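Structure first, commentary second.
The values are calculated or read from the model by the stated rules, or taken from the named source; none is laboratory data. Computed from a prediction, not measured in an experiment: that's the story for all the values here. All Cβ positions, even for glycine, are placed from backbone atoms using ideal geometry, and neighbour counts span all protein chains on display.
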Amino acid sequence: MLEVGIKAPDFELPDQNGKIHRLSDYTGKKVILYFYPRDNTPGCTKQACGFSERYPQFTEKGAVILGVSKDSVSSHKRFEEKYGLAFTLLADPERKVIEAYDVWKEKKNYGKVSMGVVRTTYLIDEQGVIIKANDKVKAVDDPENMLKELD
């Protein structure tokens, strides 16, 4: 996980519609950049729907939500359409941004060890500096917790 107080690495990734987004495009806004393992899994769906339900509150507070996983653009599109998600999903199948943000780690699941995305949320300020980093994210609580961080 990256440290609080450092400049967040800039990136360039396509969203669920194939449009390219750069972190630098959001200078002047707070960015909630959250990394999740996979589209359409129970925890990831709860987290995404929670962010989507609260989206108007995030925009009122001048914040942008960007969800990142290694799923494809087309997978993100299906996920967005299935749940009516109101925010941007970024596709990182080559794991460039996932690795730059240090969220590709060894994970243990039922005793089996594998590599994967550790659910992690970063809050980045208007100048692109990480002001909050959490790699102990509970999917269902993350949206509400991040909304409180903006107060």
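Of all residue pairs spaced 6 or more apart or on separate chains, those with beta-carbon atoms under 7 Å, a first member in segment 76-99 that is within 12 Å of Phe51 (Cα to Cα) and a second member that is assigned to a helix (DSSP H, G or I) and among the β-branched types (Val, Ile, Thr) are Tyr83/Thr45. Looking at Ser74, Ser69, Ser24, just one residue is of a type outside the set (Val, Ile, Thr) and either modelled with pLDDT under 95 or more than 22 Å from Met146 (Cα to Cα) (or both), and that residue is Ser74.
List the strands (runs of 3 or more DSSP E) inside segment 1-101, counting only whole elements, that have at least 3 residues being of a type in the set (Val, Ile, Thr) and surrounded by 17 or more Cβ atoms within 10 Å (Cβ to Cβ).
Qualifying strands (runs of 3 or more DSSP E): 63-69.
Looking across segment 102-136, the residues that are over 24 Å from Leu150 (Cα atoms) and either outside any loop (DSSP other than H, G, I, E, B) or of a type in the set (Asp, Glu) (or both) come down to Trp104, Lys105, Glu106, Lys107, Lys108, Asn109, Lys112, Val113, Ser114, Met115, Gly116, Val117. Residues in segment 136-151 that are surrounded by fewer than 17 Cβ atoms within 10 Å (Cβ to Cβ), at pLDDT 95 or above and within 15 Å of Tyr36 (Cα to Cα): Lys138, Val140, Asp141. When the residues of segment 102-120 are filtered to those that are polar (S, T, N, Q) and exposed (fewer than 14 other Cβ atoms within 10 Å of the Cβ), the one that is nearest to Met1 (Cα to Cα) is Ser114. Return the residue satisfying two criteria in turn: it lies in segment 23-40 and is more than 15 Å from the chain's Cα centre (by Cα) and not charged (D, E, K, R), and of such residues it is nearest to Asp102 (Cα to Cα). Taking the candidates together, the pick is Ser24.
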